[in-house]
Amino acid sequence: MNIAASIIQTLHRIHRQKTDLEGQLARGPKAVAAAQAQLKHAMDHFQMVRDQLTHAKMEADSKQLQMLEREGKIHKWEGMLNVSKENREYQALKDQIAADAQANAVLSDEILELLERIDDTQEQLGKAEQQVAVQRENLATVEQRVASRREILKTELARVLGELSQEEQKLSGEFKREYERLIAAMGEDAMAELDDNCCSGCCKSLTPMLLDRLLMKMSVTCPSCGRIVYKGESA
Ligand SMILES: [Zn+2]
């Protein structure tokens, strides 16, 4: 393999840039999806609180109506009580009025509790609505940021891919086929810089013979992991 280390080092740098840009491009839609999920969560919560409020209001209305009906009955019985002539009838009416008045007192407590709960729920609903607005605005911000970033990233990626194909023209023959096979399988990890006499891909030491070739600024294949190893300019 007689490929200059400088070419491999350049290719490695370009492949790392390509991976980074592709990663950033892939993260954009994920960020949008996450913001969408947060908005949906806020909307679901708002819907749930609104349902609770509707339910509590209906329950309060129904209990208030029940209380009014019972008050009407009590009023009617009190009228009958005033004109009652029979002792037994009088007592029965008094008992009936006492029982219904007691039932209405219980109902009145329940209504008060419900009205308190309605107030609390109303407050929660306001907060839930605010949260929906916050998440809606967040989604719009994320969408806009991702869209504008996407244009920059795509332009940058196109530039890097152009640079890559230009650099790859320096490769030929069997090395080129091997390089392409490795890139397809490992991406930027197909190449590794020499690090203190070791392949930085798998951390195994290289033989003196391979190190000699690396010193001559040639690239070698790591016998352990198969990566193309090169000695970096600054190494
Ligand atoms: Zn290795």
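The values are calculated or read from the model by the stated rules, or taken from the named source; none is laboratory data. Here the structure is a predicted model, which is why all the values come from computation and not from measurement. Cβ atoms come from the backbone with ideal geometry, glycine included; neighbour counts cover every protein chain shown. Ligands, DNA and RNA are stripped out before the accessible areas are found, and what is left, the full protein with its side chains, is counted by its heavy atoms. Shrake-Rupley method; radii C 1.70, N 1.55, O 1.52, S 1.80 Å.
Per-residue ellipticity at 222 nm for the chain, helices alone: DSSP H runs ≥ 4 residues times -39500 (n - 2.57), over residue total, nearest 500 deg cm²/dmol? Theoretical 222 nm ellipticity from helices: -29000 deg cm²/dmol.
In the chain, excluding the sites themselves, the longest stretch lacking any of the GluC sites (Glu not before Pro) that are in a DSSP loop with at most 13 other Cβ atoms within 10 Å is 87-232.
In sequence order, the range 24-36 has phi-based couplings of 5, 5, 6, 6, x, x, 5, 5, 5, 4, 5, 5, 5 Hz under the Karplus curve 6.51 cos²θ - 1.76 cosθ + 1.60, θ = phi - 60°, and Gly or Pro positions carry x.
When only Cα pairs below 8 angstrom with a gap of at least 6 residues are kept, the range 47-127 shows a relative contact order of 53 percent. Karplus-derived 3J(HN,Hα) values for the range 129-146, using 6.51 cos²θ - 1.76 cosθ + 1.60 with θ = phi - 60°, are 5, 4, 4, 4, 5, 4, 5, 5, 5, 4, 4, 4, 4, 5, 4, 5, 4, 5 Hz; glycine and proline are entered as x.
Compared with the dominant Cα axis of the chain, that is its longest principal axis, helix 173-186 is turned about 20°. For the chain, the convex hull drawn through the C-alpha positions has a volume of 195 cubic angstrom per residue. 3J(HN,Hα) couplings calculated from phi for the range 117-124 with the Karplus curve 6.51 cos²θ - 1.76 cosθ + 1.60 (θ = phi - 60°) are, in sequence order, 5, 4, 4, 4, 5, 4, 5, 4 Hz; Gly and Pro show x.
If the chain linking LEU107 and GLU180 were pulled fully straight, counting 0.36 nm for each residue of separation and taking away their Cα-Cα distance, it would gain 18.1 nm. Residues whose amide H lies under 5 Å from that of THR221, counting only those 5 or more places away or on a different chain, are VAL229; hydrogens are built 1.01 Å from N in the peptide plane.
In this structure the range 43-156 gives 73 Å² per residue of accessible area when probed at 1.4 Å with all protein chains present.
Computed with the Debye formula from one identical point scatterer per Cα of the range 1-117, without solvent, the log10 of I(q)/I(0) at q = 0.10, 0.13, 0.15 Å⁻¹ comes to -0.63, -0.77, -0.86. If R0 is 25 Å, what FRET efficiency do you get for GLN24 and ALA140 from their C-beta distance, rounded to 0.05? Calculated value: 0.75.
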